[in-house]
Structure formats: C-alpha cells, structure tokens
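The values are calculated or read from the model by the stated rules, or taken from the named source; none is laboratory data. These figures come from a predicted structure and were not determined experimentally. Glycine gets a Cβ as well: all are built from the backbone with ideal geometry, and neighbour counts include every protein chain shown. Only protein heavy atoms, including side chains, enter the accessible area calculation; ligands, DNA and RNA are left aside. Shrake-Rupley method; radii C 1.70, N 1.55, O 1.52, S 1.80 Å.
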Amino acid sequence: MLFKIKHRFSGSVLFSLETASLKLCVEAAVKDGANLYGADLYGANLYGADLRGANLYGADLDGANLRGAG
C-alpha cells in the first residue's frame, strides 16, 4: 500500500513509500532524513517507532499513539 505523509496545512507530500504501515513509512522517512516539519500524523499508530532525529516540529500528533516511541 502507498502511504503519504502530508503537510498538515498545505497538503503537500513530505514523504511517500509503498509499505505495510504508516509507522514503517514514518520510520523510513526519519531514516532517510526527510523533513517532517508540520506533518499530519493525526491519530497515527506510531507505537514503538524509532523517531530519533526526526524533525516533527509543528506536526499534528493529536491522538497519535506514541507509546514506546523513541
């Protein structure tokens, strides 16, 4: 499935990837050094995601499951 991480206000695609889950897409974006400033991650299940080094400033993480994320 193709997942797209979009900017919460402009709707522009910040990163996209054909993968099994949004969590894996976000982890790949972080690993690639993608700038996720302002990303729309509302309600995302990022349980246990490796977010070290991510620029999530201004991201919409409302309702996101960040338990165990680091």
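Per-residue answers, yes or no, for (1) modelled with pLDDT of 95 or more; (2) of a type in the set (A, V, I, L, M); (3) part of a loop (DSSP other than H, G, I, E, B); (4) open to solvent by 90 Å² or more (accessible area, probe 1.4 Å):
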{"position": "43", "(1), (2), (3), (4)": "yes, no, yes, no"}
{"position": "47", "(1), (2), (3), (4)": "yes, no, yes, yes"}
{"position": "50", "(1), (2), (3), (4)": "yes, no, yes, no"}
{"position": "53", "(1), (2), (3), (4)": "no, no, yes, no"}
{"position": "58", "(1), (2), (3), (4)": "yes, no, yes, no"}
{"position": "69", "(1), (2), (3), (4)": "yes, yes, yes, no"}
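Looking at segment 26-41, which of its residues are surrounded by fewer than 13 Cβ atoms within 10 Å (Cβ to Cβ) and either touching a strand residue (DSSP E or B) at 6+ places or on another chain (Cβ under 8 Å) or β-branched (Val, Ile, Thr) (or both)? Lay out the reasoning, then the answer.
Going residue by residue through segment 26-41, those that are surrounded by fewer than 13 Cβ atoms within 10 Å (Cβ to Cβ) are 31-33.
Answer for segment 26-41, where residues must be surrounded by fewer than 13 Cβ atoms within 10 Å (Cβ to Cβ) and either touching a strand residue (DSSP E or B) at 6+ places or on another chain (Cβ under 8 Å) or β-branched (Val, Ile, Thr) (or both): just 32.
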Review point. Between residues in segment 12-30 that are in a helix (DSSP H, G or I) and at pLDDT 95 or above and residues that are open to solvent by 50 Å² or more (accessible area, probe 1.4 Å) and of a type in the set (Asp, Glu), which pairs lie under 6 Å by C-beta distance while being six or more apart or on different chains?
Key: 27/50
